[in-house]
Structure formats: structure tokens, C-alpha cells
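The values are calculated or read from the model by the stated rules, or taken from the named source; none is laboratory data. Because the structure is predicted, anything quoted here is derived from the model rather than measured. Quick reminder, even Gly has a Cβ in these numbers, built from the backbone with ideal geometry, and neighbours come from all protein chains shown. With ligands, DNA and RNA removed, areas are computed over all heavy atoms of the protein, side chains included. Shrake-Rupley method; radii C 1.70, N 1.55, O 1.52, S 1.80 Å.
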Amino acid sequence: MCWLCGQGIEMSLPINHPYAWTIDHVTSLSLGGDPLDLNNIREAHRTCNSSRGNRAPGPPPRNSRRW
């Protein structure tokens, strides 16, 4: 499961496919994230990982129309 969009990841896709499996760091390495800390690693689609860039993850989206 992609931790950014919540959709499944097809593991048989070629590495250059937009929805291929990649490793995403919760705290980006450029912002001081530890590359060896397993708690800093999540699975993500290539496009989800690329679109997030080095920004910190935001709050989860609201599921209710009641604000």
C-alpha cells in the first residue's frame, strides 16, 4: 500500500513505471532524515513520491463533509 495515496502497489511493474514501487522517506534526507532508520522508510508509488518532493507529509485528508 502506498502510504501517501492509500492505493495498492503492483510489485511486478517495471521500475520506470509511474506507479512502480519506491521507498519514500518520511523525513526527507535533504531535511536531515536518517537513511538507516527503518521508522523513516515507507512504500510509495513513484508518482506519489515524486510529487511530494522533500516536503513533510501534511495531515491526513478529511473524510467527512462536516467541518
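Before we move on, is Ser12 out of contact with any His (no Cβ under 6 Å at 6 or more places or on another chain), free of Cβ contacts under 8 Å to residues at least 24 places away in the same chain, assigned to a helix (DSSP H, G or I) and open to solvent by 70 Å² or more (accessible area, probe 1.4 Å)? Step through it out loud before you land on a result.
Working: out of contact with any His (no Cβ under 6 Å at 6 or more places or on another chain): yes; free of Cβ contacts under 8 Å to residues at least 24 places away in the same chain: yes; assigned to a helix (DSSP H, G or I): no; open to solvent by 70 Å² or more (accessible area, probe 1.4 Å): yes.
No, not satisfied.
So that you can scan it fast, the table gives a plain yes or no per residue for (1) modelled with pLDDT of 90 or more; (2) open to solvent by less than 90 Å² (accessible area, probe 1.4 Å); (3) under 15 Å from the mean Cα position of the chain (by Cα); (4) within 15 Å of Trp3 (Cα to Cα):
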residue: Ala20; (1), (2), (3), (4): yes, yes, yes, yes
residue: Ala44; (1), (2), (3), (4): yes, yes, yes, yes
residue: Gly53; (1), (2), (3), (4): no, yes, yes, yes
residue: Pro59; (1), (2), (3), (4): no, no, yes, yes
residue: Arg65; (1), (2), (3), (4): no, no, no, no
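Please go through segment 22-42 and pick out each residue that is open to solvent by 50 Å² or more (accessible area, probe 1.4 Å), charged (D, E, K, R) and not in a loop (DSSP other than H, G, I, E, B).
Scanning segment 22-42 gives a single hit, Arg42.
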